[in-house]
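Worksheet: one structure, shown below.
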Amino acid sequence: MPISRLEWSRQEQEPRHPAAGRRALAVAGVVLEGLLLAWLLLGSALRVTQVAVTGNQHLTAAEVRAASGLSSRPSVIGLDVDTIRRKLLQLPWVRAATVTPELPSSVLIDVQEWRAVAAYKVGASYYLLNGEATVLEQVPPAPGILEIDGPSKPLPHPGAKAIDTELLSALVNLARAFPLATGESVARFQIDDCGDLKLFASSGFTVMFGRVLTPEEFSSLQQKLDALAALRGSVDFASKDLDYVNVENPSAPAVHLHSSKPPPPSPGATPQASPSPQGIEVIGCQ
């Protein structure tokens, strides 16, 4: 049946606002998205419930998890992985770390640990050092690793440097090159309160290198090792009669045997005071 004129006119006069309807739908969509995001961030659906740890050898997985700060079970979405990584790097053993969130509720932490290159001894205590001379942890006596006996003070603690990094590198290289120079291996090093370095060979003799307080003195160790190697044709480094070799002056190394008559003491010799690296006078250091 045809639409009457009156009905047609009424339809023409009815307002139509399709744009307003679309805006209302858009607003409703944003609200729903906000509620969904809040539920994901604050609700329990995507909270961290599992933290997997790989790459750890000295640290336990529990120690890594505790350092990560993930025990508060934050949402996997929006994790601040850089902050978590910085927390992990505060562990002395951790050299590098990666943090990977995995939906819906897991985090994978992979750590790369330092390698211990020496055991630093102070008194009766041993401390493992990494390649940067940083203390990793206190340990029982550690056979099979380079031993460096340090001064009585200061006492090291994990995360702090025990000695100069360049000096540690020089000592590691010296220990590697010593067998080629003498045919003997290194039993241990000793650095006394005056900063004087001694090497104790496995066969029983001692090498006196002198002060190792400055980079120049670190680099002089190679020249002194060369002077020691030059004696190999005239000195039996495997002999039990060999007492010590002094290479403080590499151009005039001194060799002493147990069977040799000890030199007479210098008349009127008295201890001398000299400044330490910190400017404190140390009696007996020359």
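Details
- Every residue from region 178-202 that is small (Gly, Ala, Ser) and either surrounded by 17 or more Cβ atoms within 10 Å (Cβ to Cβ) or modelled with pLDDT under 95 (or both): 181, 195, 201
- Pairing each residue of region 47-59 that is in contact (Cβ under 8 Å) with a residue 12 or more places away in the chain with any residue that is assigned to a loop (DSSP other than H, G, I, E, B) and of a type in the set (Phe, Trp, Tyr), provided the two are 6+ apart or on different chains, yields C-beta distances under 9 Å for 56/93; 57/93; 58/93; 58/114; 59/93.
- None of 86, 115, 95 is open to solvent by 60 Å² or more (accessible area, probe 1.4 Å), without any contact (Cβ under 8 Å) to a residue 24 or more places away in the chain and under 30 Å from residue 190 (Cα atoms) except 115.
- The residue pairs whose first member lies in region 228-256 and is touching a residue at least 24 places away in the same chain (Cβ under 8 Å) and open to solvent by less than 70 Å² (accessible area, probe 1.4 Å), whose second member is acidic (Asp, Glu) and in a loop (DSSP other than H, G, I, E, B), and whose beta carbons are closer than 8 Å, counting only pairs six or more residues apart or on different chains, are 237/184; 238/184; 242/236.
- Residue in region 118-128 that is in contact (Cβ under 8 Å) with a residue 12 or more places away in the chain, in a loop (DSSP other than H, G, I, E, B), touching a Leu at 6+ places or on another chain (Cβ under 7 Å) and open to solvent by less than 30 Å² (accessible area, probe 1.4 Å) present: no
- Evaluating residue 143 against the criteria (1) in a loop (DSSP other than H, G, I, E, B); (2) within 24 Å of residue 70 (Cα to Cα); (3) free of Cβ contacts under 8 Å to residues at least 24 places away in the same chain leaves one unmet condition, (2).
- Residue within region 167-174 that is under 26 Å from residue 285 (Cα atoms) and either acidic (Asp, Glu) or open to solvent by 50 Å² or more (accessible area, probe 1.4 Å) (or both) present: yes
- Only a single item in (1) part of a loop (DSSP other than H, G, I, E, B); (2) over 17 Å from residue 118 (Cβ atoms); (3) open to solvent by less than 40 Å² (accessible area, probe 1.4 Å) is not met by residue 207, and it is number (1).
The values are calculated or read from the model by the stated rules, or taken from the named source; none is laboratory data. Please read these numbers as outputs of a predicted model, since none were measured by experiment. Neighbour counts are summed over all protein chains in view; Cβ atoms, including those assigned to glycine, are modelled from backbone coordinates with ideal geometry. Each accessible area value is taken on the protein alone, full model and side chains, heavy atoms only, with ligands, DNA and RNA left out. Shrake-Rupley method; radii C 1.70, N 1.55, O 1.52, S 1.80 Å.
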